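Have a look at the structure below before the remarks.
The values are calculated or read from the model by the stated rules, or taken from the named source; none is laboratory data. Predicted model only: the values in this text are computed from it and were never measured. We place every Cβ from the backbone using ideal geometry, glycine too, and count neighbours over all the protein chains shown. Note: areas computed on protein heavy atoms with side chains; ligands, DNA, RNA excluded. Shrake-Rupley method; radii C 1.70, N 1.55, O 1.52, S 1.80 Å.
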Amino acid sequence: MIAAIVLAAGESRRMGFPKALLRYRDLTFLESIVAAAGAAGLEPCVVVLGQDAAQVLAAVRLDKVAEAKNEDPRTGQIGSIKQGILTIVNHPVEAAVVWPVDQPHVSVQTVELLIEQYRKGGASVVVPVHEGRRGHPVLFSRDVFDDLLSAPQDQGARAVVRAQQQRGGLTEVPVTDGAVLEDIDTPEAYETLLRRLAPGDS
């Protein structure tokens, strides 16, 4: 099994509203990612929530999803990744796709490409690359879970990615999906995303 770890614990300061609850194609960002993770065959799906957990859970029904909480927003993304890893580490998963909640528009096909490349080569870290730039979500093999759990706060998951690049355990997957580079974390970015939707979409 390959798990999904959805990072939804950020404070959303620049957005001014919980990003998990923004709407995209008639679903919230969080619902969109959970649905896409399921379509890509990711199981289990862990959603890591933060200080607005009660507000999110009151608005979103998360069936068949494991919930974790990052109690300290100062720990940032790596703190949430660690909580997600701790939630799945005792499950028979071989890898995890770490997916930030502010990227609900990444396609299922992009995630499937990451999984396909992982299955082919057995890399420890698989990263999507668009126009020469690395993006998200990122697939981490189980053999780097301990590295993620011990990653330094000031470097986070980047330290694990760099280490695997040096060891030859990093695979980059070229994708045409520009969403892997787009963090929807400001009102302006959200408006741009909505303007790109086809007529009739919301």
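Observations
- Largest mean-square fluctuation among G79, G38, G121, in a Gaussian network model of the chain whose springs join Cα atoms under 10 Å apart, belongs to G121.
- Pair A189, S150: separation of 7 Å Cα→Cβ label points (nm): 3.2 nm
- Segment 121-202 - charge dipole about Cα centre, Lys and Arg +1 at Cβ, Asp and Glu -1, debye rounded to 20: 300 debye
- Calculated mean residue ellipticity, 222 nm, the chain: -10000 deg cm²/dmol, from DSSP H runs (n ≥ 4) at -39500 (n - 2.57) each, averaged per residue and rounded to 500.
- Annotation note: GluC sites (Glu not before Pro) in segment 47-125 located in DSSP loop regions with a Cβ neighbour count of at most 16 within 10 Å are E71, E94.
- Cβ-placed point charges (K, R +1; D, E -1), dipole of segment 54-202 about Cα centre in debye, nearest 20: 320 debye
- The residues of segment 88-202 present an accessible area of 50 Å² per residue when probed at 1.4 Å with all protein chains retained.
- √(5λ) per eigenvalue of the Cα gyration tensor, the chain, largest first, Å: 25, 20, 16
- log₁₀ of I(q)/I(0) at q = 0.18, 0.19, 0.26 Å⁻¹ - segment 109-196, Debye sum with one point per alpha carbon: -0.83, -0.89, -1.26
- Surface share of carbon and sulfur [accessible, 1.4 angstrom probe, percent] for the chain: 47 percent
- The packing ranking, built from the mean of other Cβ atoms within 10 Å per residue, places the peptides 137-145, 1-9 in the order 1-9, 137-145, highest first.
- DSSP bridge pairs, the chain: antiparallel proportion in percent, nearest 5: 35 percent
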